[in-house]
Amino acid sequence: MDHFSSRHDGLYAEDVPLRRIADAVGTPLYIYSAATLRRHYDILADEFKNRDALIAFAVKALSNIAVLALLGRRGAGADIVSGGELYRALKAGIPAERVVFSGVAKSRGEMEAALNAGILQFNVESEAELAHLSAVASALGKTAPVALRVNPDVDAGTDTRISTGRKDDKFGVPFADAGRLYRLAAALPGLRPQGLTVHIGSQITSVAPFERAAARVGGLVTSLRAEGHEVTHLDLGGGLGIPYERAAAAPPLPVDYAATLNRATADLNVRLILEPGRLIAGNAGLFVTRIVLTKNQEGTHYALVDGAMNDLIRPALYGARHEVMEDTPPTGVPVHHHIAGPVCESTDLFAKDVPLHEVSAGALLAFRTAGAYGAVQASQYNTRPLVPEVLVDGDRFTVIRRRPTYEEMLSLEVIPDDF
Ligand code: LLP
């Protein structure tokens with residue numbers, strides 16, 4: 001459910017016509033709905049309101065500080081994977097005590113920054129990382145709160161490019177080593193093991209893998225406690241899928257997912273942490289582009305638009321399908337078009353055979369479900385300016401990241417003297 005709609009006079013983001021935003025800001029651009037972000041966060045948070053639980057938004061999904069601030073004010077924490085994301089989360093006002101730090105190869109500098117900030121938890125993914133964090137924390141005279149990321153060897157049934165919980169994926173420590181490494185963490189200076197974490201993949205469309213992973217890691221909590229260890233935190237990661245295409249089978253509802261996790265962990269007496277990204281941000285964003293021209297290529301109709309794969313790379317990278325909405329209210333017989341961008345690559349193709357009613361230059365098209373892993377994966381390939389972001393809230397909108405000028409884009413580059 002989102003707050004984008006098609007009305008008699010065109011597409012709206014909440015109460016603002018898309019056309020008004022596109023005219024003011026230019027295209028391509030991302031548009032987010034504050035009401036949708038709030039709604040998605042609140043639905044999940046509500047399911048855990050009687051638990052000691054933290055919803056740590058996966059910053060990588062949509063990292064604009066306006067969005068982080070909006071979620072942080074509602075109580076969200078942040079799941080970060082870099083020093084840059086730590087900087088963003090703190091800048092957005094998310095307290096360090098609500099920050100968990102994931103990632104397989106944190107650098108010394110990143111560890112130091114997180115230790116100095118006083119984050120809630122380092123999610124540690126290997127024996128080598130335990131040793132590294134121990135050394136860095138000891139040198140600073142600090143103690144790092146640690147959760148061991150275990151690989152539960154659960155196949156989440158999602159695309160292999162975004163699966164993380166099978167035993168040969170690069171993430172986490174093997175399940176069989178978890179006991180030994182928890183003991184090691186307890187023995188090493190500068191570390192305080194406080195829990196376990198799992199994350200089995202992204203865009204997962206059934207609750208069964210979550211249930212299996214929670215059961216496996218829950219068993220580990222019990223056995224570690226039997227050995228005398230303290231296990232106070234359990235982080236079950238993110239990964240619930242969302243509907244990208246109306247025709248596709250609907251993923252589980254957030255409430256069913258939450259009920260499953262609640263059931264699986266009810267008796268564990270732990271502080272529960274979740275790291276949802278896509279679930280909160282995905283349907284809260286549109287990628288909006290304008291048709292530049294049309295072209296008939298040996299019988300294939302192309303609508304060539306001003307947005308490109310550097311702005312929204314998911315179709316090129318994962319074969320992802322984002323539903324297209326036309327701004328012009330549909331009348332007459334549609335003509336099927338491939339929608340492609342101006343970048344010089346054949347994979348700069350957003351969608352094939354889309355029935356379009358209005359294909360004149362300047363017509364706006366909006367790709368749905370672009371809030372998560374959209375703007376954050378944009379680049380300046382082909383020296384195209386980084387795509388701007390706009391946040392709509394009711395009847396007003398704010399440009400929360402403006403389009404850089406060419407001068408700004410080149411400002412970090414230098415031509416050496418005398419060469
Ligand atoms: N926690 C960890 C440790 C993760 O690695 C991820 C995502 C999340 C949480 C959030 O997962 P979510 O709830 O959003 O599924 N670029 C890809 C998705 C990559 C996901 C990476 N990890 C895409 O566009 O589909």
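So the values come out like this:
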| quantity | calculated |
| --- | --- |
| Given (1) over 29 Å from residue 264 (Cβ atoms); (2) surrounded by 20 or more Cβ atoms within 10 Å (Cβ to Cβ); (3) of a type outside the set (A, V, I, L, M, F, W, C), number of the condition residue 129 does not satisfy | (1) |
| Tally of residues being within 17 Å of the chain's Cα centre (by Cα), closer than 19 Å to residue 66 by Cβ and either more than 16 Å from the ligand (Cβ to nearest atom) or small (Gly, Ala, Ser) (or both) across segment 275-324 | 5 |
| Neighbours by Cβ (under 9 Å, 6+ apart or cross-chain): first from segment 262-287, under 12 Å from residue 238 (Cα atoms) and assigned to a loop (DSSP other than H, G, I, E, B); second among the hydroxyl-bearing types (Ser, Thr, Tyr) and near the ligand (Cβ under 10 Å from one of its atoms) | 275/102; 275/197; 277/202; 277/373 |
| Test result for residue 207, of a type outside the set (Asp, Glu) and more than 20 Å from the chain's Cα centre (by Cα) | no |
| Sole residue being surrounded by 20 or more Cβ atoms within 10 Å (Cβ to Cβ) and within 11 Å of the ligand (Cβ to nearest atom), chosen from 203, 194 | 203 |
| Every pair of residues 6+ apart whose Cβ atoms lie under 7 Å, when the first sits in segment 85-108 and is within 18 Å of residue 277 (Cα to Cα) and free of Cβ contacts under 8 Å to residues at least 24 places away in the same chain while the second is in a loop (DSSP other than H, G, I, E, B) and not small (Gly, Ala, Ser) | 101/119; 103/81 |
| Any hit, segment 37-48, residues being of a type in the set (Gly, Ala, Ser) and either over 19 Å from residue 71 (Cα atoms) or not in a helix (DSSP H, G or I) (or both) | no |
| Test result for residue 266, farther than 30 Å from residue 327 by Cβ, at pLDDT below 95 and not acidic (Asp, Glu) | yes |
| Within segment 206-230, considering residues that are in a loop (DSSP other than H, G, I, E, B) and among the charged types (D, E, K, R), the one farthest from the ligand (Cβ to nearest atom) | 227 |
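Residue-wise test of (1) surrounded by fewer than 20 Cβ atoms within 10 Å (Cβ to Cβ); (2) in the same structural domain as residue 273 (by TED's automatic domain parsing); (3) small (Gly, Ala, Ser); (4) at pLDDT 95 or above.
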{"position": "13", "(1), (2), (3), (4)": "no, no, yes, yes"}
{"position": "20", "(1), (2), (3), (4)": "yes, no, no, yes"}
{"position": "58", "(1), (2), (3), (4)": "no, yes, yes, yes"}
{"position": "67", "(1), (2), (3), (4)": "no, yes, no, yes"}
{"position": "70", "(1), (2), (3), (4)": "no, yes, no, yes"}
{"position": "76", "(1), (2), (3), (4)": "no, yes, yes, yes"}
{"position": "84", "(1), (2), (3), (4)": "yes, yes, yes, yes"}
{"position": "108", "(1), (2), (3), (4)": "yes, yes, no, yes"}
{"position": "111", "(1), (2), (3), (4)": "no, yes, no, yes"}
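The values are calculated or read from the model by the stated rules, or taken from the named source; none is laboratory data. Only a predicted model underlies this, so the values are computations on that prediction, with no experimental measurement involved. Glycine also receives a Cβ, built like all others from the backbone with ideal geometry; neighbour counts cover every protein chain displayed.
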